[in-house]
């Protein structure tokens with residue numbers, strides 16, 4: 001009998017020890033990490049899968065939930081609208097970030113999505129950083145999180161790109177940090193801070209950009225193993241300003257010509273971002289109290305490299321293989337500093353990306369270039385022939401035509417009539433799939449088809465009078481050449497709208513979700529996890545079956 005009791009006692013003790021070692025997820029995650037990888041098409045996961053390590057993207061997918069049919073549902077899939085959609089849970093029609101730039105009718109001015117000239121000062125030593133989330137309409141996840149507990153939660157946005165950090169974090173964020181192109185140092189805006197915290201100053205003093213730019217950028221693996229990409233020396237790449245477009249790259253020499261901002265076009269731009277984000281988690285003590293914190297991390301180097309090398313380049317593949325190691329480091333850091341059960345990680349992209357039209361043409365795919373400058377000039381001549389010699393077009397920006405509404409009104413013309421004439425004329429251009437008017441989008445409710453995506457991109461105050469959509473495979477170009485700009489890329493098609501969406505940690509179930517989900521569903525899902533109020537303009541729906 002005593003032997004039997006001893007066995008029972010030993011079993012109970014062993015079970016207690018075993019259960020004490022199993023970490024149980026708290027009711028709410030202590031820290032949420034929202035990761036955005038710029039211009040990451042959905043198919044990149046499969047394309048580079050065999051080259052990824054076990055601890056990076058593979059770990060996120062194998063131990064998390066992978067939404068394999070996640071899409072953006074609007075027309076103008078530029079970068080800034082993507083970040084705003086991720087943070088607000090709605091489309092540009094509601095959050096107002098219709099594109100990276102838009103035309104301000106009343107001020108006759110091209111508005112940058114985060115520009116705020118009402119800010120009186122910039123942070124010391126960083127000029128012209130008068131940026132804020134002022135242009136973002138409605139609240140974000142970070143805002144609602146801070147409101148829920150009277151600002152006891154901490155919210156921080158980080159990216160080498162200014163608007164990515166700001167639009168991701170929101171109006172009430174403790175801070176948004178980005179890289180200053182002139183100095184290579186991390187900075188912010190007086191909207192958030194009077195001066196940089198000591199830990200940021202100390203981080204900047206370590207001069208990591210100088211360390212990274214002293215390196216040579218060569219391939220992570222032997223170049224012969226990059227079979228998922230085209231040859232390193234091919235005709236579809238623009239390359240750096242010095243016209244170099246093959247490995248290896250002497251970054252110190254490039255930085256002498258391009259400035260320290262050239263780090264954005266290298267894998268070290270992502271590593272620099274990761275290192276700063278980890279420093280922020282430690283120094284701000286994120287996830288260390290009972291209030292859920294949020295940090296948003298944007299890895300933007302993939303977008304910059306895509307602009308000058310394209311989606312089938314060895315350079316872009318190398319960016320992803322090295323980013324995979326950065327993510328592995330991030331996950332190891334989470335294991336050591338917190339725990340997987342305490343942290344909810346969400347990874348997605350701001351948009352997808354398109355093939356170089358020259359490559360598409362060579363392999364036999366439908367493609368073309370739409371010269372917007374020529375098309376608008378011809379449209380102007382057409383309107384003059386109908387309505388008289390005057391400047392009927394005020395501006396053109398991102399496949400949106402802004403008519404001269406004051407002149408149209410003074411001429412006693414119907415705005416809807418002029419809009420329709422312009423749209424019908426634009427529909428005749430080769431490469432234009434659809435053109436519609438603001439009046440139609442204001443007066444008709446489209447619940448499906450391409451016009452539904454038009455409507456989701458349309459904001460009455462900020463959008464043009466005529467919106468244009470190009471045929472699949474077509475890209476926009478003009479006669480103006482901007483430094484480092486590869487081509488204008490934005491469309492509602494799958495190559496631009498279909499992106500990865502991965503959930504990891506906390507109470508997340510393992511598995512694949514094949515049901516269609518929208519990127520605007522991310523914030524309502526997290527809000528539902530935390531029992532938060534949804535952001536004010538949210539139109540997304542919680543994704544089912546992610547947690548037990």
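Does residue 224 meet the test of being more than 28 Å from residue 34 (Cβ to Cβ), at pLDDT below 95 and in the same structural domain as residue 112 (by TED's automatic domain parsing)?
The answer is no for residue 224.
Just give me the residues in region 62-84 being more than 30 Å from residue 463 (Cα to Cα) and under 20 Å from the mean Cα position of the chain (by Cα), in sequence order.
66, 67, 68, listed by residue number.
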Practice prompt. Can you give me the number of residues within region 282-294 that are crowded, with 24+ Cβ neighbours inside 10 Å, outside any loop (DSSP other than H, G, I, E, B) and touching a helix residue (DSSP H, G or I) at 6+ places or on another chain (Cβ under 7 Å)?
Written response: 1
Worksheet item: In region 443-450, is there at least one residue being touching a strand residue (DSSP E or B) at 6+ places or on another chain (Cβ under 7 Å), crowded, with 24+ Cβ neighbours inside 10 Å and closer than 24 Å to residue 520 by Cα?
Response: no
Worksheet item: Right, residue 461: surrounded by fewer than 17 Cβ atoms within 10 Å (Cβ to Cβ), within 28 Å of the chain's Cα centre (by Cα) and touching a residue at least 24 places away in the same chain (Cβ under 8 Å) or not?
Response: yes
Worksheet item: Just a yes or no: is a residue in region 62-74 more than 23 Å from residue 528 (Cβ to Cβ), in the same structural domain as residue 297 (by TED's automatic domain parsing), out of contact with any helix residue (DSSP H, G or I) (no Cβ under 9 Å at 6 or more places or on another chain) and not in a loop (DSSP other than H, G, I, E, B)?
Response: yes
Discussion item. Take residue 213 and tell me if it is buried (at least 18 other Cβ atoms within 10 Å of the Cβ) and in the same structural domain as residue 57 (by TED's automatic domain parsing).
Written reply: yes
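So that you can scan it fast, the table gives a plain yes or no per residue for (1) in a loop (DSSP other than H, G, I, E, B); (2) in the same structural domain as residue 457 (by TED's automatic domain parsing); (3) touching a residue at least 12 places away in the same chain (Cβ under 8 Å):
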| site | (1), (2), (3) |
| --- | --- |
| 77 | yes, no, yes |
| 85 | no, no, yes |
| 106 | yes, no, no |
| 111 | no, no, yes |
| 121 | yes, no, yes |
Worksheet item: Got at least one residue in region 233-241 being surrounded by fewer than 18 Cβ atoms within 10 Å (Cβ to Cβ), over 25 Å from the mean Cα position of the chain (by Cα) and in a helix (DSSP H, G or I)?
Response: no
Item to complete: May I ask you to verify whether residue 311 is farther than 22 Å from residue 27 by Cα and out of contact with any strand residue (DSSP E or B) (no Cβ under 7 Å at 6 or more places or on another chain)?
Response: yes
Practice prompt. Go through region 297-314 and give me each residue that's in contact with a helix residue (DSSP H, G or I) (Cβ under 7 Å, 6 or more places away or on another chain) and assigned to a helix (DSSP H, G or I).
Written response: 301, 302, 303, 304, 305, 306, 308, 309, 314
Fill in: Flag if residue 263 is more than 20 Å from the chain's Cα centre (by Cα), in a helix (DSSP H, G or I), assigned by TED's automatic domain parsing to the domain that holds residue 164 and surrounded by 19 or more Cβ atoms within 10 Å (Cβ to Cβ)
no
Worksheet entry | Exclusive hit being closer than 30 Å to residue 317 by Cβ and surrounded by fewer than 24 Cβ atoms within 10 Å (Cβ to Cβ), set 181, 198, 205, 194 | 181
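This table checks each residue for (1) in a strand (DSSP E or B); (2) outside the structural domain of residue 75 (by TED's automatic domain parsing); (3) under 15 Å from the mean Cα position of the chain (by Cα); (4) within 24 Å of residue 258 (Cα to Cα).
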residue	(1), (2), (3), (4)
103	yes, no, no, no
133	no, no, no, no
167	no, no, yes, no
178	yes, no, yes, yes
Worksheet, complete the sentence: From the option list 513, 508, 526, 519, single residue qualifying as assigned by TED's automatic domain parsing to the domain that holds residue 331 and within 21 Å of residue 302 (Cα to Cα) is 519
Item to complete: Considering only region 369-456, give the helices (runs of 4 or more DSSP H) lying wholly within it that have at least 1 residues that are modelled with pLDDT under 95.
Response: 372-387
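The values are calculated or read from the model by the stated rules, or taken from the named source; none is laboratory data. What you see is a predicted model, and the numbers here were worked out from it, not measured in a lab. Heads up, the Cβs are rebuilt from the backbone with ideal geometry, glycines too, and the neighbour counts pull from every protein chain shown.
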